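So the structure is just underneath, and the comments pick up after that.
The values are calculated or read from the model by the stated rules, or taken from the named source; none is laboratory data. Not measured: the values here are computed from a predicted model. No Cβ is skipped: glycine too gets one built from the backbone with ideal geometry, and neighbour counts run over all protein chains shown.
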Amino acid sequence: MNIMIIFHSVCGNDYLVAKKFEEEFKVLGANVTLWRTADQGWVEKPGLTPEAQANVHAMRAVPLATGEAMLKADGIIMGSPTYFGNVSASMKAFMDSTGKIWYEGGLAGKKFAAFTSAGNTEGGADLCLQALHTYAKYMGMIAVPLPITVMPGEHTNALGIIQYSQGKYAEALAPLTARTVKGFAAFFLRV
Ligand SMILES: Cc1cc2nc3c(=O)[nH]c(=O)nc-3n(C[C@H](O)[C@H](O)[C@H](O)COP(=O)(O)O)c2cc1C
């Protein structure tokens, strides 16, 4: 299965989720590629910890996503920071750049899953996930939910993965997020 992971990230949190998905899909034998959306205004914040700096440097080395690449994927995972209870402008601009693919039905029938990073637990992360799912629906993609059985007894969201950051630059993925991505990746391939 060819899987394309597309993310936008400024502080590295969504990047770490995307990277973990990439890692897990590789372990499961899928052919996976990592892409980011354009963000020309991005500047490196001075004084980052070495871990956070290494993450944002690796993030900026990821190639820019294209609509054409989406056509070749069987499954597409999309992640955006939650900005004002929605996707970021960078992710929205990427979505809007795929209008031709939309009316030609180029993504219809492909599998889809969503993730986000949000500052806090009351910050509307589910609204961002919902916006990603709405895009997938318009495209005719088949959204894979995150059922409670993937992580029994844990706090998860049916719409996808959420990494809470408290607004900080990412140094490492939260252990629960890492475990949930692992379970979700396996479920995504299985269904
Ligand atoms: C313009 C802007 C709007 C934001 N809006 C929200 C929000 O509505 N809810 C929230 O929980 N966090 C919000 N945040 C915080 C980010 O979602 C959070 O820092 C996230 O971890 C960033 O992801 P990244 O590290 O991948 O860039 C906002 C941040 C910015 C810069």
>> Every residue in segment 81-113 that is outside any loop (DSSP other than H, G, I, E, B), more than 16 Å from the ligand (Cβ to nearest atom) and surrounded by fewer than 20 Cβ atoms within 10 Å (Cβ to Cβ), please.
In response: Asp96, Gly99, Lys100, Ile101, Trp102, Tyr103, Glu104, Lys111
>> Six or more apart or on different chains, Cβ atoms under 6 Å: show the pairs whose first residue is in segment 87-100 and modelled with pLDDT of 95 or more and whose second is β-branched (Val, Ile, Thr).
In response: Ser90/Thr37; Met91/Thr37; Phe94/Thr37
> Given Glu22, Glu44, which one is surrounded by 14 or more Cβ atoms within 10 Å (Cβ to Cβ) and more than 10 Å from the ligand (Cβ to nearest atom)?
Replying inline: Glu22
> Failed condition for Leu64, given (1) within 24 Å of Gly119 (Cβ to Cβ); (2) more than 13 Å from the ligand (Cβ to nearest atom); (3) under 15 Å from the mean Cα position of the chain (by Cα), with all others met?
Replying inline: (1)
> Got a sec? Which of Leu34, Leu16 is within 16 Å of the ligand (Cβ to nearest atom), assigned to a strand (DSSP E or B) and on the phi < 0 side of the Ramachandran plot?
Replying inline: Leu34
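Results for (1) within 11 Å of the ligand (Cβ to nearest atom); (2) under 27 Å from Leu28 (Cβ atoms); (3) in contact with a helix residue (DSSP H, G or I) (Cβ under 7 Å, 6 or more places away or on another chain); (4) touching a residue at least 60 places away in the same chain (Cβ under 8 Å), shown as yes or no for each residue.
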position: Gly124; (1), (2), (3), (4): yes, no, no, no
position: Cys128; (1), (2), (3), (4): yes, yes, no, no
position: Leu176; (1), (2), (3), (4): no, yes, no, no
position: Lys182; (1), (2), (3), (4): no, yes, yes, yes
position: Phe188; (1), (2), (3), (4): no, yes, no, yes
> Which residue out of Pro46, Pro63, Pro50 is under 27 Å from Lys110 (Cα atoms) and out of contact with any Cys (no Cβ under 8 Å at 6 or more places or on another chain)?
Replying inline: Pro63
> What number goes with the only condition from (1) within 16 Å of the ligand (Cβ to nearest atom); (2) under 26 Å from Gly183 (Cβ atoms); (3) surrounded by fewer than 14 Cβ atoms within 10 Å (Cβ to Cβ) that Lys137 does not pass?
Replying inline: (1)
